[in-house]
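The values are calculated or read from the model by the stated rules, or taken from the named source; none is laboratory data. In this text the structure is predicted, and so the values were computed from the model without any measurement. Cβ placement follows ideal geometry from the backbone for every residue including glycine, while neighbour counts extend to all protein chains displayed. Please note that ligands, DNA and RNA were not included when accessible areas were found on the heavy atoms of the full protein model with its side chains. Shrake-Rupley method; radii C 1.70, N 1.55, O 1.52, S 1.80 Å.
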Amino acid sequence: MPEDPQGPPKHRTRVWLTLAAVALILVLVFLPPLISLKHYKTRITQLVAASLGRPVRLSAVELRLLPRPGFLLSDLTVQSDPEFGAEPVLHANTVTASIRFSSLWQGKLQISRISVDEASLNLVHMPDGRWNLDSLFRNAAAGPATHAPQPPYMEATNSRINIKNGNEKLPFSVLDADASMWRESNGDWRIRLRGQPARTDVSLDLADTGIVRVEATLHPAAQLNQMPLHLDLDWREAQLGQLTRLLLASDEGWRGDLTGELHLDGTAASAQVTSRLRASGVHRAEFSPAAPIDFDAACAFIYHYNRRSLQHLACDSPVGDGRARLTGEIPGAQPPRLTVELDRIPAQAALDVLRTMRSRIDPSLQATGTVSGHMTYDPGSSAQAQESAGKQASAAAKASLRGSQRGGKPSRSARPHPAPGPLIGAFTVTGLRISGDALSKPIQAASMSLSPAPAEAGQPSALSTSIEVPAGGPVPLTVTARLALASFQMGVHGEAALPRLREFAHIAGSPAETALSQLAGEPASIDFTADGPWLPPVDVPAEAAIAGAPPGVTVQPSLRSSGTVSLHQANWKAGFLTNPVLIPAAIMHLENGSLRWDPVEFSYGPVKGTATVELSAECAVAEGCPPKFTVHFGALDVAALQSALLGAHESGTLLSTLLARLTPNSSPAWPRLDGAAQADSLDVGPFTLTHVSAEVRVLSTGAEISSLDGALLGGQLHGTASLVTGDKPAYKLDGVFTGVKPALVGPLLAMRWTGGEISGSGHVEFSGYTDKDLSASAHGSLHFDWSHGSIASPPVITFAFVTAPATTARNHGPAARESGIPAALAHFDRFTGDATVANGALTLGQNEIHRGGRKSTVQATITFAIPAKVTFPAPEEPLPAKH
């Protein structure tokens with residue numbers, strides 16, 4: 001039987017299907033660009049406008065058949081109602097509008113889906129509660145009765161949502177938003193949104209603002225704010241610092257991770273809201289506490305948008321083994337009424353909160369005990385009480401006036417009681433016990449009450465408490481506190497033993513701890529107050545930083561403090577001093593973190609004086625500012641000072657030990673100090689300086705005196721000095737003296753000097769421990785100028801006189817040898833010269849003696865001793881002439 005040239009029927013069917021599919025693909029690929037929709041642009045624009053309920057403008061339309069038939073719209077702008085502003089509701093460069101196939105069978109063309117990418121959507125909310133999307137929902141709510149087209153499924157990806165309040169464009173927006181909105185078969189609207197909150201007027205780290213997800217269902221109504229609404233909002237991965245910048249436009253200084261949930265049922269005008277807020281690792285930006293705060297709070301309330309009010313507010317949060325509850329009402333135009341209930345809240349929780357807000361609280365502190373009670377804030381009841389108190393005061397004033405008119409005294413019962421404040425209730429702390437590594441024994445209080453503080457003009461409502469703390473003094477310390485919502489006031493008064501006072505200063509992070517650490521003696525009297533906000537203000541500019549805070553964090557001072565600590569019969573044992581300094585009386589002043597001792601009466605051996613020491617809380621220098629001091633002595637004897645400070649004069653004794661402590665490699669070294677020293681008189685042995693003042697800088701390698709002034713032998717001395725430590729201490733002294741009286745200099749050399757004033761300058765260096773070492777090592781130079789003077793009564797046996805020219809010797813030689821004083825020094829118009837210091841003596845070098853028109857020179861040596869020895873060397877005898 002011959003074969004069928006057409007092949008089997010099944011094979012022919014597959015061939016035709018393949019050819020049809022290829023033809024269809026070719027049509028779908030090559031046909032759309034060949035079809036011009038220019039004539040249909042107006043129809044398509046009207047179609048999209050009818051789907052969205054607002055006028056639409058677009059620049060171009062293209063037909064797209066794959067993956068589903070539709071239109072590709074370019075430069076789409078959805079216009080807004082003029083009363084909502086001139087900005088469009090939506091603008092997108094590219095929009096895809098898919099065709100609803102079911103409409104084609106009815107001979108109509110409808111849009112089933114509108115998809116936009118990288119679009120900009122403006123949401124406008126008017127003061128009367130209307131939104132610019134109302135027209136879209138009204139169009140959808142009209143339903144089939146008006147033959148309105150079924151709203152399309154609308155979606156946006158990678159888009160931006162901007163928010164406006166009337167004509168004011170708010171800085172809030174949602175970035176990278178993926179949103180979709182559609183209407184279900186039962187007429188309900190469904191909305192989904194995922195995006196990242198942002199703010200345009202501040203710099204934000206967008207990675208830390210979190211991700212917001214919204215699921216909402218709206219039932220049809222005439223207006224958007226009347227639609228029954230169910231909304232679920234979830235906000236995760238938010239960082240507290242960036243969240244506060246987002247909401248408040250400033251960083252409030254908190255750090256931590258936040259997760260929030262919110263569920264809303266009702267309408268935009270009135271809704272039942274439940275929420276849950278969880279946070280972990282909460283701490284201040286400027287420091288990281290040992291135990292950051294975690295909390296989990298759930299709230300429920302009814303919100304009325306038109307009145308901006310909350311009704312039936314109820315918030316619960318577990319705290320340790322206890323629970324905190326907040327209930328009340330927050331009327332929009334009236335003061336709120338709130339009640340806080342605490343049920344067995346651990347005292348440790350309050351300590352953790354305090355330690356989170358204040359960086360200097362000792363991290364080792366632990367607290368036991370519980371807090372229970374309730375407190376109501378009701379300004380309305382306070383106003384009624386004040387009105388009643390006013391009437392009572394008026395009646396009392398009238399009664400007092402009537403009593404005084406009758407000649408009597410006003411009754412105490414007629415005096416009005418102070419009007420209560422808006423706080424009603426009390427909290428009770430039971431079994432309080434605070435312990436820590438720094439406390440030798442715990443601080444305990446069997447019971448303590450927090451009750452409303454008396455109302456004060458200009459002060460916020462607050463709770464007050466008072467507790468007595470035994471501290472080793474004749475009377476206990478009384479601690480009072482006034483605790484407001486945003487601020488606090490605290491006072492400490494009484495007496496405390498110095499060791500216990502140091503412990504309290506340590507756990508409070510007070511700068512007084514260091515000042516008290518080297519003191520011992522009788523209990524001190526304390527009078528101290530502090531006040532300020534709970535949260536110190538923190539600015540976070542990108543370019544700012546401070547020591548001890550993370551980069552970009554600037555901490556503003558907020559705590560105001562002042563007070564005194566008075567010492568009696570105490571002693572100070574410093575590490576760089578061998579013996580303690582006795583302090584009969586001293587007062588330490590604390591002022592906003594700065595510390596000042598003023599005055600301090602002290603005695604160190606036979607040396608007595610008064611001093612002030614100041615330590616600043618703030619310093620602009622990176623390496624820190626040294627303490628500043630002033631010390632004043634009455635009559636000070638150098639020998640007594642040396643005996644007190646330096647001890648014996650042999651190496652290896654107190655002096656060498658003390659100076660060895662000044663070396664950089666020794667421990668402990670002298671601290672860095674800057675200050676001034678004064679003395680009414682300074683007895684240096686042969687003579688006395690009066691009205692002495694010096695600018696002193698103490699270093700670990702010695703000391704520098706940048707300015708030394710005093711009255712010297714009837715004149716003035718101005719100089720500088722330095723001390724460098726090592727195996728032997730080395731000293732330098734440079735000085736200028738003016739107006740020195742010869743009559744006061746002569747007796748130092750057992751001579752009688754008269755005439756005009758002496759001036760000059762000098763430089764000397766010496767080293768060692770003993771007088772012998774100091775005089776033997778001394779070397780330097782001296783220049784002097786003396787006018788119209790005379791010297792008489794030589795104290796030495798050996799003398800000689802050399803003149804130039806020789807005729808002077810013939811005229812005056814015999815008299816000079818007989819009196820022991822060179823004749824030229826008996827009376828002169830001017831005597832100038834230079835001398836060198838070496839080998840334990842001052843040797844006169846180049847000099848000139850002017851008398852009338854004659855000039856002469858002398859030779860002299862002053863040997864350092866007590867008393868000093870002056871020698872005029874004899875001239876060499878001339879050799880006999882040869883015949």
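Summary of values
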item: Condition met for H632 (over 20 Å from R672 (Cβ atoms), in contact with a strand residue (DSSP E or B) (Cβ under 8 Å, 6 or more places away or on another chain) and open to solvent by 60 Å² or more (accessible area, probe 1.4 Å)); result: yes
item: Inter-residue pairs, beta-carbon under 8 Å, first farther than 22 Å from T94 by Cα and assigned to a strand (DSSP E or B) and in the range 120-133, second small (G, A, S) and open to solvent by less than 30 Å² (accessible area, probe 1.4 Å), 6+ apart; result: V124/S80; V124/G85; V124/G166; H125/G166
item: Residue that is surrounded by the most Cβ atoms within 10 Å (Cβ to Cβ), among those in the range 839-873 that are among the small types (G, A, S) and touching a Gly at 6+ places or on another chain (Cβ under 9 Å); result: G845
item: Conditions (1) open to solvent by less than 40 Å² (accessible area, probe 1.4 Å); (2) farther than 30 Å from G129 by Cα; (3) in contact with a Lys or Arg (Cβ under 7 Å, 6 or more places away or on another chain); number of the one not met by L72; result: (1)
item: Scope the range 151-161; condition modelled with pLDDT of 90 or more and crowded, with 18+ Cβ neighbours inside 10 Å; matching residues; result: E155, A156, S159, I161
item: Boolean, T688 is of a type outside the set (D, E), surrounded by 16 or more Cβ atoms within 10 Å (Cβ to Cβ), touching a strand residue (DSSP E or B) at 6+ places or on another chain (Cβ under 9 Å) and closer than 23 Å to G789 by Cβ; result: yes
item: Residue in the range 826-838 that is polar (S, T, N, Q), at pLDDT 90 or above and either open to solvent by 60 Å² or more (accessible area, probe 1.4 Å) or outside any strand (DSSP E or B) (or both) present; result: yes
item: Qualifying residue in the range 512-520 (condition: in contact with a strand residue (DSSP E or B) (Cβ under 7 Å, 6 or more places away or on another chain) and within 22 Å of I361 (Cβ to Cβ)); result: yes
item: Lone qualifier among R245, R276 - being basic (K, R), under 28 Å from L535 (Cβ atoms) and modelled with pLDDT of 90 or more; result: R276
item: Residue count for the range 695-707, restricted to those that are among the small types (G, A, S), more than 23 Å from S681 (Cβ to Cβ) and modelled with pLDDT of 90 or more; result: 0
item: Yes/no for V764 being among the β-branched types (V, I, T) and either open to solvent by less than 50 Å² (accessible area, probe 1.4 Å) or touching a Pro at 6+ places or on another chain (Cβ under 6 Å) (or both); result: yes
item: Hits in the range 708-736 (condition: assigned to a strand (DSSP E or B), over 30 Å from G755 (Cα atoms) and either at pLDDT 95 or above or in contact with a Pro (Cβ under 9 Å, 6 or more places away or on another chain) (or both)); result: L723
item: Contacts under 9 angstrom Cβ, first residue in the range 765-789 being farther than 25 Å from T738 by Cα and in contact (Cβ under 8 Å) with a residue 12 or more places away in the chain, partner acidic (D, E) and in a helix (DSSP H, G or I), 6 or more apart; result: S767/D773
item: Scan of the range 197-216 for residues that are open to solvent by 30 Å² or more (accessible area, probe 1.4 Å) and either farther than 23 Å from L170 by Cβ or in a strand (DSSP E or B) (or both), ordered by number; result: R199, R213, E215
item: Filter result for L365 (among the aliphatic types (A, V, I, L, M), buried (at least 17 other Cβ atoms within 10 Å of the Cβ) and at pLDDT below 90); result: yes
item: Hits in the range 559-594 - residues which are under 23 Å from S616 (Cα atoms) and of a type in the set (A, V, I, L, M, F, W, C); result: L559, V565, L567, W572, A574, F576, I583, A585, A586, I587, M588, L590
item: Test: residue in the range 661-681 that is within 27 Å of R596 (Cβ to Cβ), modelled with pLDDT of 90 or more and open to solvent by 70 Å² or more (accessible area, probe 1.4 Å); result: yes
item: The range 313-329, residues that are of a type in the set (A, V, I, L, M) and either closer than 17 Å to S275 by Cα or open to solvent by 70 Å² or more (accessible area, probe 1.4 Å) (or both); result: L313, A314, A324, L326
item: Meets criteria (surrounded by fewer than 19 Cβ atoms within 10 Å (Cβ to Cβ) and not in a loop (DSSP other than H, G, I, E, B)) for S280; result: yes
item: Qualifying residues in the range 37-73 (those that are of a type in the set (D, E, K, R) and not in a helix (DSSP H, G or I)) - the one modelled with the highest pLDDT; result: R57
item: Criterion: under 30 Å from T720 (Cβ atoms), at pLDDT 50 or above, among the aliphatic types (A, V, I, L, M) and surrounded by 15 or more Cβ atoms within 10 Å (Cβ to Cβ) - qualifying residue of A778, A823; result: A778
item: Looking only at the range 174-193, and only at residues there that are surrounded by 17 or more Cβ atoms within 10 Å (Cβ to Cβ) and out of contact with any Phe, Trp or Tyr (no Cβ under 6 Å at 6 or more places or on another chain), the one that is nearest to L247 (Cα to Cα); result: V174
item: Identity of the residue in the range 267-276, in a strand (DSSP E or B) and open to solvent by less than 70 Å² (accessible area, probe 1.4 Å), that ends up farthest from P318 (Cα to Cα); result: S270
item: Failed criterion for P454 (all others in (1) modelled with pLDDT under 90; (2) crowded, with 18+ Cβ neighbours inside 10 Å hold); result: (2)
item: Matching option when the condition is more than 22 Å from A486 (Cβ to Cβ) and touching a residue at least 40 places away in the same chain (Cβ under 8 Å), among P363, P379; result: P363
